[in-house]
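So the structure is just underneath, and the comments pick up after that.
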Amino acid sequence: MEINKEELRKSIVYNLKMLFRREVTEATNEQMYQALSYALKDYIVDQWMTFHKKCEEQDAKTVYYLSMEFLVGRALGNNIINLKALNEVKEVLDELGFDLTDVEEEEPDPALGNGGLGRLAACFLDSLATLGYPAYGCGIRYKYGMFKQQIENGFQVERPDNWLQHGYPFETKNSKYSIRVKFGGYVRMVQGDDGREHFTQEDALSVIAVPYDIPIVGYNNGVVNTLRIWDAQAVNDFNLDSFDKGDYHTAVEQENMARTITEVLYPNDNHYAGKELRLKQQYFFVSASIQSAVSKYMETHDDIKKLYEKVCFQLNDTHPTVAVPELMRILLDDYHLTWDEAWEVVSKSCAYTNHTIMSEALEKWPIDLFSRLLPRIYQIVDEINRRFTGMLNQKYNNDPKKIESMAILYNGQVRMANLAIVAGYSVNGVAALHTEILKKEQLKDFYELWPEKFNNKTNGITQRRFLLHGNPLLAEWCTEHVGEGWITDLTKLSKLIKLKDDDDELITLADIKNKNKLRLADYIMKHNGVAVDPDSIFDVQVKRLHEYKRQLLNILHIMYLYNELKTNPYMDIVPRTFIFGAKASAGYRRAKAIIKLINNVGDVVNNDPSINGKLKVVFIENYRVSNAEMIFAAADVSEQISTASKEASGTGNMKFMLNGAITLGTMDGANVEIVEEVGKDNAVIFGLSAQEVIEFEHNHEYDPKTVYNSDMRVKKVVDQLVDGTYTQEDPNLFRELYDSLLNEDQYFILKDFAAYAEAQKKIDEKYRDQHEWVRSSLINIAKSGKFSSDRTIQEYVDDLWHLDKVKIK
Ligand code: NBG
């Protein structure tokens with residue numbers, strides 16, 4: 001879109017006046033951020049309305065991406081880029097005496113997600129809009145997003161993230177589409193006019209779901225989709241019925257429910273909190289989203305039985321699985337379809353994505369809780385289960401093993417993954433290896449029953465945020481050599497391969513990396529007070545803190561390197577800066593101990609002059625989307641060292657690759673596909689394979705003590721966890737980590753230690769040959785095309801959603 005600079009300037013000035021009663025010369029950066037955001041929103045809303053109309057005119061099929069999490073990151077910079085208004089905005093701000101980077105820094109980072117799953121949802125919305133497909137992201141407007149992490153004396157401390165404090169300019173409250181959601185009460189059967197039985201929910205508590213819409217701007221194409229996040233409002237403000245009836249108690253309960261339900265995001269990753277409030281949150285946003293999707297469809301169609309022709313629902317993990325019985329409920333109770341008719345609609349419109357093989361992340365709700373909170377929904381789940389297990393018993397001659405693994409209701413629990421698989425038309429994993437493991441292990445019985453439902457959709461990331469916005473220097477270099485096409489077709493970067501032996505260009509590329517390392521070094525100096533050497537290898541592990549991701553393996557290896565340097569200060573190694581960033585769930589003790597360990601090791605190593613600055617260890621506080629963009633741009637080494645089989649895909653690995661870092665990883669998740677693209681010489685791979693890990697898990701033949709007793713390097717670092725080297729204040733600080741390694745080592749850290757140390761040596765050797773290193777870096781960038789979320793979304797559209805592209809002109 002053409003942005004007229006004069007108009008933009010006027011609009012900013014006007015907004016400053018109206019919002020803050022300020023002249024430009026008096027405005028703060030924060031006020032400028034608001035004023036500029038509103039000015040851009042003005043352009044966006046025009047496109048938004050037009051696109052909406054076009055979708056309706058063309059009766060285009062729409063996907064509803066249901067997700068508890070959307071980790072969208074800052075919007076201002078991204079919107080400027082997608083509107084293709086960067087130069088205009090920069091110039092106008094410059095004239096007004098402001099710097100865009102400083103202004104962008106004022107935006108809170110809406111942290112409505114934990115990690116990969118939520119960020120993936122955000123990348124998908126960006127790609128859907130850029131490809132021109134109609135889509136709604138549906139989620140929750142948490143008042144407090146992911147906590148802010150502070151490091152105090154090496155410990156993680158969680159602080160509230162009040163991202164809405166100063167108002168969020170890009171959202172629009174849309175009260176007119178508010179919807180009532182009911183909890184509890186009891187189910188009553190009524191005889192319908194049609195002679196059939198119908199059910200209603202009586203004496204329920206209600207809350208009102210109020211939608212807030214956030215525009216999702218496609219890249220330079222006039223498309224604007226909607227991220228609709230729901231806030232809860234008490235019914236009492238909305239409708240005085242409880243008070244009217246004098247039911248004071250109900251009114252107060254409803255008020256409380258409304259206040260708590262969207263209060264906070266559960267800070268968990270690959271683990272679920274079996275909390276009642278979490279189930280309430282799930283039903284709250286799912287019910288509101290499905291009800292609104294159905295009514296929107298019915299505004300322009302008359303046959304509810306054909307809903308699936310125009311609407312599909314993608315379930316982002318098990319969290320929104322109540323969508324299945326909720327849609328059944330609407331079809332049965334509100335539209336009076338028969339069970340079979342309703343089931344046909346549901347099973348043709350719902351699809352499920354699995355994001356983990358970790359069994360503790362597959363949600364299972366106690367039946368008593370579930371049925372008390374959602375009585376009508378439970379009744380429907382019970383009926384789905386009755387029919388399904390009846391079919392299983394018939395097919396498998398009453399084999400109890402099949403019921404044990406596949407039933408939806410079992411052992412007093414509602415198993416959400418099973419419900420999603422039984423009802424949905426598709427089950428997909430998020431990387432080839434992950435999908436294969438699901439088929440052969442976790443979901444084997446389902447795969448045998450319905451092989452046709454299973455498919456893989458390897459994750460992707462949006463290059464608009466993680467290259468164009470996050471790494472402008474590299475982005476410009478890419479454009480210079482292959483044109484702008486890569487911005488919407490990342491495979492175009494493959495043309496960079498022609499430069500892999502061009503010495504001048506390799507020098508330029510190294511220079512860009514260096515500048516990005518300087519930018520990060522400044523940030524580290526500012527935030528950590530640690531001076532890091534931009535000529536050292538920037539070796540980075542940033543992701544959620546989880547035992548399976550093995551930050552512990554990384555830090556144990558650093559402790560080993562430090563031991564080596566202490567015994568031989570002249571050891572010839574390339575100086576290394578190890579950079580970590582990770583939030584641990586508040587209640588995850590071991591994860592928090594690992595953060596403390598990293599910080600304690602950092603304190604010792606960084607302050608030891610005898611090693612001549614050859615090692616530095618930095619823990620970046622409050623890792624989030626905004627600092628991630630800068631970190632990826634500056635990385636030389638991308639640590640992707642999860643226990644093979646455990647990381648479903650990973651998406652950080654792709655962001656590093658796109659920014660030219662070399663993967664140091666296991667054959668896990670999407671690493672496998674990264675290696676496939678770049679070749680074995682352009683990544684460093686080590687460790688047990690997924691197959692080997694799974695075999696050990698089955699045969700229980702691994703004993704970490706044998707490694708501990710035979711490898712002196714391992715023995716020494718493990719002992720150092722408890723001998724006071726890093727625990728002056730409290731010798732028992734890391735006792736639990738020590739015990740977990742020696743007694744169980746569930747994630748094969750000691751087993752993989754030697755291979756990891758060897759791989760780290762290879763990194764050192766490879767880096768010495770700068771020419772070779774930069775060449776590998778270039779090959780990584782050039783081969784990253786496959787990992788665009790544009791490719792992933794196109795696969796979802798072609799295989800599962802069958803959406804129509806909307807014509808704008
Ligand atoms: C995460 C996986 C990652 C994967 C993302 C996105 C959950 C439950 N799963 O490996 O751990 O990249 O999902 O698919 O958060």
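The values are calculated or read from the model by the stated rules, or taken from the named source; none is laboratory data. All figures in this text were calculated on a predicted structure; none of them were measured in a lab. Here the Cβ is made from the backbone with ideal geometry for all residues, glycine too, and neighbour counts use every protein chain on show. Ligands, DNA and RNA are excluded from the accessible area calculation, which covers all protein heavy atoms including side chains. Shrake-Rupley method; radii C 1.70, N 1.55, O 1.52, S 1.80 Å.
Numbers below:
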item: Among (1) crowded, with 23+ Cβ neighbours inside 10 Å; (2) in contact with an Asp or Glu (Cβ under 7 Å, 6 or more places away or on another chain); (3) outside any helix (DSSP H, G or I), the one test that Thr356 misses; result: (2)
item: Residues of the range 726-744 satisfying the condition of being in contact (Cβ under 8 Å) with a residue 12 or more places away in the chain and exposed (fewer than 13 other Cβ atoms within 10 Å of the Cβ); result: Asn743, Glu744
item: Matching residues in the range 275-320 - criterion: being basic (Lys, Arg), open to solvent by 50 Å² or more (accessible area, probe 1.4 Å) and more than 12 Å from Thr62 (Cβ to Cβ); result: Lys275, Lys305, Lys306
item: Residue in the range 624-636 that is part of a strand (DSSP E or B), at negative phi and touching a Phe, Trp or Tyr at 6+ places or on another chain (Cβ under 6 Å) present; result: no
item: Number of positions in the range 765-777 that are crowded, with 19+ Cβ neighbours inside 10 Å and farther than 15 Å from Ser638 by Cβ; result: 2
item: Residue that is farthest from Val311 (Cα to Cα) [pool: residues in the range 103-146 that are in contact with a strand residue (DSSP E or B) (Cβ under 8 Å, 6 or more places away or on another chain) and open to solvent by 20 Å² or more (accessible area, probe 1.4 Å)]; result: Tyr144
item: Cβ pairs under 6 Å, 6+ apart, first in the range 1-14 and open to solvent by 30 Å² or more (accessible area, probe 1.4 Å), second not in a helix (DSSP H, G or I); result: Met1/Leu83
item: Search result, residues across the range 540-592 that are surrounded by 19 or more Cβ atoms within 10 Å (Cβ to Cβ), without any contact (Cβ under 8 Å) to a residue 60 or more places away in the chain and among the hydroxyl-bearing types (Ser, Thr, Tyr); result: Tyr562, Thr577
item: Filtered residues of the range 584-618 (kept if among the charged types (D, E, K, R), over 20 Å from Ala273 (Cα atoms) and in a helix (DSSP H, G or I)); result: Lys596, Asp603
item: All positions within the range 189-212 that are within 16 Å of Gln291 (Cα to Cα) and not polar (S, T, N, Q); result: Val207, Ile208, Ala209, Val210, Pro211, Tyr212
item: Helices (runs of 4 or more DSSP H) (entirely within the range 361-428) containing at least 1 residues that are without any contact (Cβ under 8 Å) to a residue 12 or more places away in the chain and more than 16 Å from the ligand (Cβ to nearest atom); result: 367-373, 375-395, 400-406
item: Unique residue being within 16 Å of the ligand (Cβ to nearest atom) and assigned to a helix (DSSP H, G or I) when the list is Asp126, Asp94, Asp42, Asp46; result: Asp126
item: Test for Asp99: is it within 28 Å of Leu131 (Cα to Cα) and away from the ligand (no atom under 16 Å from the Cβ); result: no
item: Considering residues of the range 429-479 that are over 18 Å from the mean Cα position of the chain (by Cα) and within 20 Å of Val72 (Cα to Cα) only, the residue farthest from the ligand (Cβ to nearest atom); result: Pro472
item: Hits in the range 643-661 - residues which are more than 13 Å from Val542 (Cα to Cα) and either among the hydroxyl-bearing types (Ser, Thr, Tyr) or within 11 Å of the ligand (Cβ to nearest atom) (or both); result: Thr643, Ser645, Lys646, Glu647, Ala648, Ser649
item: Residues of the range 662-687 classified as open to solvent by less than 20 Å² (accessible area, probe 1.4 Å), away from the ligand (no atom under 13 Å from the Cβ) and touching a helix residue (DSSP H, G or I) at 6+ places or on another chain (Cβ under 7 Å), total; result: 8
item: Qualifying residue in the range 752-764 (condition: open to solvent by less than 70 Å² (accessible area, probe 1.4 Å) and either farther than 22 Å from Glu547 by Cα or not in a helix (DSSP H, G or I) (or both)); result: yes
item: Pairs where the first residue, in the range 302-318, is over 20 Å from Val427 (Cα atoms) and more than 13 Å from the ligand (Cβ to nearest atom) and the second is aliphatic (A, V, I, L, M) and at pLDDT 95 or above, C-beta under 6 Å, 6+ apart; result: Leu307/Val345
item: Which numbered condition Lys716 misses (of (1) surrounded by fewer than 17 Cβ atoms within 10 Å (Cβ to Cβ); (2) in a loop (DSSP other than H, G, I, E, B)); result: (2)
item: Those residues of the range 186-211 which are in contact with a strand residue (DSSP E or B) (Cβ under 8 Å, 6 or more places away or on another chain), surrounded by fewer than 19 Cβ atoms within 10 Å (Cβ to Cβ) and touching a residue at least 24 places away in the same chain (Cβ under 8 Å), in sequence order; result: Tyr186, Val187, Gly192, His198, Phe199, Thr200
item: Top-ranked residue in the range 264-304 [being in a loop (DSSP other than H, G, I, E, B) and in contact with a helix residue (DSSP H, G or I) (Cβ under 8 Å, 6 or more places away or on another chain); ranked as nearest to Met68 (Cα to Cα)]; result: Tyr266
item: Filter result for the condition that a residue is acidic (Asp, Glu) and either closer than 30 Å to Thr491 by Cα or crowded, with 22+ Cβ neighbours inside 10 Å (or both), over Asp723, Asp804; result: Asp804
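For every residue, the table says whether it meets (1) open to solvent by 70 Å² or more (accessible area, probe 1.4 Å); (2) closer than 22 Å to Ile793 by Cα; (3) in contact with a strand residue (DSSP E or B) (Cβ under 7 Å, 6 or more places away or on another chain).
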position: Leu438; (1), (2), (3): no, yes, yes
position: Glu448; (1), (2), (3): yes, no, no
position: Lys453; (1), (2), (3): no, yes, yes
position: Leu473; (1), (2), (3): yes, no, no
position: Glu476; (1), (2), (3): yes, no, no
position: Gly485; (1), (2), (3): no, yes, no
position: Lys498; (1), (2), (3): yes, no, no
position: Lys515; (1), (2), (3): yes, no, no
position: Phe538; (1), (2), (3): no, no, yes
